[in-house]
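S.K.: Quick one: structure below, then a few questions.
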Amino acid sequence: MRLTSFTDYGLRALMRMASEPNRAFSTAEIADEFDVSRHHLNKIMQRLARRGIVATRRGAGGGAMLARPAAEIGLGDLVRLLEQDQALVECFSADGGCCVTPICRLKHKLHYAEAAFLAELDRATLADIALPPPAAGMA
């Protein structure tokens, strides 16, 4: 499986936030650290905030931080949220996409593979993949 950049960037940001769970991070700070688009990261943070994964606040000292402990945030749930509306293959899309044949056996196998992939992620939490806090003076 290949995850979208939306999910990749979202997981990177959450891994950093999990390293210092009591600190608010600005989108600009995270975008600069990982060399990703601030605009793209803003959209990701909005989705995470709407689903209660992060809490955001404006103004001085503002930014985003985890809304609950990293150990309570499942990786499978994060990937499902961030990959929302992204079909693994075209024939999984809402409109059915373009399938090779009406009796395609591949689609069934891919459903099982996707389920196994997510089941493996369901066994881990954000705490399991948190980055170490940056060394003093490196942040």
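S.K.: Can you list residues from other chains, or at least 5 along the same chain, whose modelled amide H is less than 5 Å from the amide H of F25?
M.R.: A64, M65
S.K.: Here's a follow-up. Label-point separation (nm) for E120 and S37, each offset 7 Å from Cα along Cα-to-Cβ?
M.R.: Label-label distance for E120 and S37, simple model: 2.9 nm.
S.K.: Round to the nearest 0.05 the FRET efficiency obtained for Q84 and Y112 when R0 = 22 Å and r is the Cβ-Cβ distance. Each step should come with its number before you reach the end.
M.R.: On the way: r = 21 Å, r/R0 = 0.94.
Efficiency at R0 = 22 Å is approximately 0.60.
S.K.: Sticking with this structure for a sec: Tell me, what is the FRET efficiency for R58 and R23 to the nearest 0.05, using R0 = 22 angstrom and their Cβ-Cβ distance as r?
M.R.: Working: r = 16 Å, r/R0 = 0.74.
Step by step, r from the Cβ atoms, then E = 0.85.
S.K.: What is the spin-label model distance, in nm, from A49 to T4 if the labels are put 7 Å beyond Cα along the C-beta direction?
M.R.: Here the answer is 2.0 nm between the modelled labels.
S.K.: If you don't mind, another one. Take the eigenvalues of the Cα gyration tensor for the range 5-129, scale each by 5, and report the square roots as semi-axes in whole Å, largest first. Could the numbers behind the result be given before it?
M.R.: Details: eigenvalues 209, 53, 24 Å².
Semi-axes, largest first: 32, 16, 11 Å.
Values in this text are rule-based calculations from the coordinates and carry no lab data. Being a predicted model, the structure only gives us computed values, none of them experimental. A quick note on method: Cβ atoms are made from the backbone with ideal geometry, for glycine too, and the neighbour counts reach across all protein chains shown.
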